[in-house]
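All remarks here apply to the structure that follows.
Throughout, read-outs are computed from the coordinates displayed, never taken from laboratory work. What you see is a predicted model, and the numbers here were worked out from it, not measured in a lab. Virtual Cβ from ideal backbone geometry, glycine too; neighbours counted across all protein chains shown.
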Amino acid sequence: MNMRFKLARVAKDLTQQDLADRVGATRQTIGLIEKGKYNPSINLCIRIAKALERTLDELFWEET
Amino acid sequence: MNKPSFRSDERTISLIRKICTCFYFVTMVALCCILLYRQLILGQPLDELHDLAMLVTANIILWIGAALYYGGLTIGRVRALPVILIYLVLVAAGTIFTTWKYGSTTFGEIAGHFITVATISAGLVAIWAILAYVGQRGMDRELSD
């Protein structure tokens, strides 16, 4: 579960569908990324990061 | 503004491609099974199976060619030894198969099959080697840009 991703989206007051529309993805894809069940391409990650005004690290980096 | 009913993104496109690959494989296996069933169980003459056999053969040959060209099958640098080995395996397998298929017993018939198979295999391997070489050249050019 990618909670940072979900929190960033909620903080921007965006629904999954809103974010999907902004980044050119489907709502299901956004949902699966939030659940950690789909690994997006780096291009989609960048579009999401720009849409949420966050860095890639803030959204996707996992400390081991 | 109405949203389109069907939307796609990288995940859906990737899924569709996986499904297509899976069904292509199933179709090819099913066609091979149909060929064997019609030939061995129903005892249909070989002349009636040529359309399906050609379809399956052409598909597999083109699939290998496309995979070599686009780098789906990475074989490294095209070298003579592997190409010759592939050629010899194709010729041996093809000669054995055609000898069995046509029930040939005389040396003349088997030699005839051998010459036909060797010629077709040479063309096939040459085309595949050229496609692999041209594909590699293209990839090298892209990487050097």
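Per the helix-only calculation at 222 nm, which mean residue ellipticity applies to chain A, given -39500 (n - 2.57) for every DSSP H run of n ≥ 4 and division by its residues, nearest 500 deg cm²/dmol?
-17500 deg cm²/dmol
For B:Lys101, go through the lysines and keep the ones whose alpha-carbon is under 26 Å away, minus same-chain ones fewer than eight residues off.
Within reach: none.
What length, rounded to one decimal in nm, is gained on full extension from B:Leu35 through to B:Asp51, with 0.36 nm per residue of separation minus their alpha-carbon distance?
Values: separation 16, 0.36 × 16 = 5.76 nm, distance 1.01 nm.
Here the segment from B:Leu35 to B:Asp51 would lengthen by 4.7 nm.
Ordered by residue, what ³J(HN,Hα) values in Hz, to whole numbers, does the range B:25-33 give under the Karplus form 6.51 cos²θ - 1.76 cosθ + 1.60, where θ = phi - 60° and Gly and Pro are x?
4, 4, 5, 5, 5, 4, 5, 5, 5
Sorting check: for B:84-95, B:53-64, B:37-48, which peptide has the highest mean count of neighbouring beta carbons within 10 Å, and how do the rest follow?
Details: B:84-95: 14.8, B:53-64: 12.8, B:37-48: 10.6.
So the order, starting with the most tightly packed, is B:84-95, B:53-64, B:37-48.
By the gyration tensor of its Cα atoms, with a ≥ b ≥ c the square roots of the eigenvalues, what is the shape of chain A: rounded for a/c under 1.5, prolate for a/b over b/c, or oblate?
Cα axes put chain A in the rounded bin.
Which residues in the range B:44-73 have a backbone N closer than 19 Å to a point placed 7 Å from the Cα of B:Ile127 along the Cα-to-Cβ line?
B:50-73, by backbone N distance to the label point.
For chain B, just say rounded, prolate or oblate: build the C-alpha gyration tensor, square-root its eigenvalues into a ≥ b ≥ c, call rounded for a/c under 1.5, and beyond that prolate if a/b exceeds b/c, oblate if not.
oblate
Report the residues of the range A:30-64 in range of a label on A:Leu7: point 7 Å along Cα→C-beta, backbone N strictly under 15 Å from it.
A:54-55, A:57-63, by backbone N distance to the label point.
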